[in-house]
Amino acid sequence: MITFAIGLSIILLIVVLFLLFRIGTLASIFRGSSQRASGTTKTSNKVNSALLLLFLFVGGAAFFWSFARYWDEMNQPLASVHGEWTDSLFWTTMIVIGIVFVLTQILLFVYSYKYQHQDNKRAYYYPHNNKIEIVWTLIPAVVMALLVFAGWKTWTKITSAAPEDAVVIEVVGKQFNWIVRYPGADGKLGVADYKLIDAVNELGVDFSDPNAQDDFMPMQLHVPKGKPVLLKIRARDVIHSVFMPHFRLKMDAVPGMPTKFWFVPTETTNDMRSKTGNPDFNYELACTEICGRGHFAMRFIVVVDEPEDYEEWVAQQKSFVDQNPDILAKFSNPSQERLVMSKEAEKAEEIKSEL
């Protein structure tokens, strides 16, 4: 670390000395008091213009080499239906801006070389051209409009209502871990209220609600291949973000504002292990919102099963009530206040489902 700091200090010192030299040279030219400085400027222009051209070739070669070298690692392997739409939009945008980037960089450095300063030349004064103004305004506007329309169309499909037969899973972020909750055999999640949160009932589930009695909370997120999965997302404390890169899935988890995202997995975990050649591969749910000191710990294993394996896994799960039988004692004789809270929660759930 000390060696790095010393090296950096030496480089900065050299840069400062060079800048001071250049400032002195430019000041001499501005005063017109140094013939030597004028000659130095001519030489500097030639050297700088040649270096700019060299930078174009070296930088361009490095640019294309990096693309070729890391092409296969540009994105994570794809494992969802809507991921094909987002990848298509991504690469379309990359092609458009890539063409513009390459052309503008070539013109920038070639023109810097071609039109370097020379004492026997004067710049041509060309203040205005209506045709050029129209062309370079309309073309970018049309291209941008097409990209925006394509993005809007893709986003509309992605955020459309989930199919009625979608597997519903609640995903809750809290500092600093994820909790997932599945409905039981009834296919309905029980209501929850933040006022019911305690050390055991971390999600504040109201277990006086019959729909909550068979809900289960596993330590991994399992989803079936080829079937729609609806994630109902919320946060318990601060803003988190549900990110599952292989599924091209990202949605913020915001306290007090439930969000959702649905997708269809296309590759099981075993399929992806074979495809990547990595027997230890696992899909992952990670938080991409810096949510505190333990942000790094917010990772959760996601498993994509074949439909029959998924059903077998679900059948093996024990409900939260079965794992914590004492919790029902708190809800066996609900007070009037708790009944009111339950009704309010049910209303809130109805409003959420409508939204």
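The values are calculated or read from the model by the stated rules, or taken from the named source; none is laboratory data. Quick caveat: nothing in here was measured; it's all calculated off a predicted structure. Here the Cβ is made from the backbone with ideal geometry for all residues, glycine too, and neighbour counts use every protein chain on show.
Would you be able to say whether some residue in the stretch 182-193 is more than 22 Å from residue 310 (Cβ to Cβ) and either of a type outside the set (Asp, Glu) or not in a loop (DSSP other than H, G, I, E, B) (or both)? Yes, because at least one residue in the stretch 182-193 is more than 22 Å from residue 310 (Cβ to Cβ) and either of a type outside the set (Asp, Glu) or not in a loop (DSSP other than H, G, I, E, B) (or both).
Taking the numbered list (1) touching a Leu at 6+ places or on another chain (Cβ under 6 Å); (2) surrounded by 21 or more Cβ atoms within 10 Å (Cβ to Cβ); (3) without any contact (Cβ under 8 Å) to a residue 40 or more places away in the chain in turn, residue 183 passes all entries but (2).
Per-residue answers, yes or no, for (1) touching a Cys at 6+ places or on another chain (Cβ under 9 Å); (2) among the hydrophobic types (A, V, I, L, M, F, W, C):
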site	(1), (2)
235	yes, yes
242	yes, yes
251	no, yes
257	no, yes
261	no, yes
270	no, no
274	no, no
283	no, no
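Among the residues of the stretch 173-205, those identified as within 12 Å of residue 320 (Cα to Cα) and of a type in the set (D, E, K, R) are 181, 202.
What pairs come out if I take residues in the stretch 99-113 that are within 13 Å of residue 54 (Cα to Cα) and pair them with residues that are of a type in the set (S, T, N, Q) whose C-beta lies under 7 Å away, six or more apart or interchain? Here the result reads 112/49; 113/49, each pair linking the stretch 99-113 to a residue that is of a type in the set (S, T, N, Q). Taking every residue in the stretch 263-288 that is surrounded by 17 or more Cβ atoms within 10 Å (Cβ to Cβ) and pairing it with any residue that is of a type in the set (Ser, Thr, Tyr) and assigned to a loop (DSSP other than H, G, I, E, B), at least 6 positions away or on another chain, yields no pair with a Cβ-Cβ distance below 9 Å. Within the stretch 81-94, is there a residue that is without any contact (Cβ under 8 Å) to a residue 40 or more places away in the chain, out of contact with any Asp or Glu (no Cβ under 9 Å at 6 or more places or on another chain), over 30 Å from residue 273 (Cα atoms) and in a helix (DSSP H, G or I)? There is no residue in the stretch 81-94 that is without any contact (Cβ under 8 Å) to a residue 40 or more places away in the chain, out of contact with any Asp or Glu (no Cβ under 9 Å at 6 or more places or on another chain), over 30 Å from residue 273 (Cα atoms) and in a helix (DSSP H, G or I). Has the stretch 155-163 got any residue that is over 23 Å from the mean Cα position of the chain (by Cα) and modelled with pLDDT of 90 or more? Yes, some residue in the stretch 155-163 is over 23 Å from the mean Cα position of the chain (by Cα) and modelled with pLDDT of 90 or more.
I'd like to verify a number: residues in the stretch 203-240 that are polar (S, T, N, Q) and surrounded by 20 or more Cβ atoms within 10 Å (Cβ to Cβ), how many? Break it down stepwise before answering.
Start the filter on the stretch 203-240 by keeping residues that are polar (S, T, N, Q), which leaves 208, 211, 213, 220.
Retained after the next criterion (residues that are surrounded by 20 or more Cβ atoms within 10 Å (Cβ to Cβ)): 208.
Number satisfying all stated conditions: 1.
State yes or no: is residue 208 closer than 30 Å to residue 76 by Cβ and hydroxyl-bearing (Ser, Thr, Tyr)? When the stated conditions are applied, residue 208 does not pass them. Per the conditions (1) touching a residue at least 60 places away in the same chain (Cβ under 8 Å); (2) assigned to a loop (DSSP other than H, G, I, E, B); (3) closer than 30 Å to residue 298 by Cβ, the sole criterion not satisfied by residue 118 is (3). Residues in the stretch 218-239 that are hydrophobic (A, V, I, L, M, F, W, C) and not in a strand (DSSP E or B): 219, 238, 239. Output the qualifying pairs, or none if there are none: Cβ atoms under 6 angstrom, residues six or more apart or on different chains, first residue in the stretch 54-80 and part of a loop (DSSP other than H, G, I, E, B), second residue among the β-branched types (Val, Ile, Thr). Matching pairs, first to second residue: 79/266. Of the set (1) buried (at least 19 other Cβ atoms within 10 Å of the Cβ); (2) in contact with a His (Cβ under 8 Å, 6 or more places away or on another chain); (3) not in a loop (DSSP other than H, G, I, E, B), all apply to residue 291 but (3). If you go through the stretch 105-154 and keep only what is among the small types (Gly, Ala, Ser) and surrounded by 10 or more Cβ atoms within 10 Å (Cβ to Cβ), you end up with 112, 141, 145, 150, 151. For beta carbons closer than 7 Å, sequence separation of 6+ or different chains, a first residue in the stretch 131-150 that is more than 15 Å from residue 100 (Cβ to Cβ) and a second that is part of a helix (DSSP H, G or I), the qualifying pairs are 150/89; 150/92. Checked against (1) touching a residue at least 40 places away in the same chain (Cβ under 8 Å); (2) exposed (fewer than 11 other Cβ atoms within 10 Å of the Cβ), residue 161 passes all but a single condition, namely (1). Checking each residue in the stretch 135-178 for being aromatic (Phe, Trp, Tyr), closer than 25 Å to residue 240 by Cβ and assigned to a helix (DSSP H, G or I) picks out only 155.
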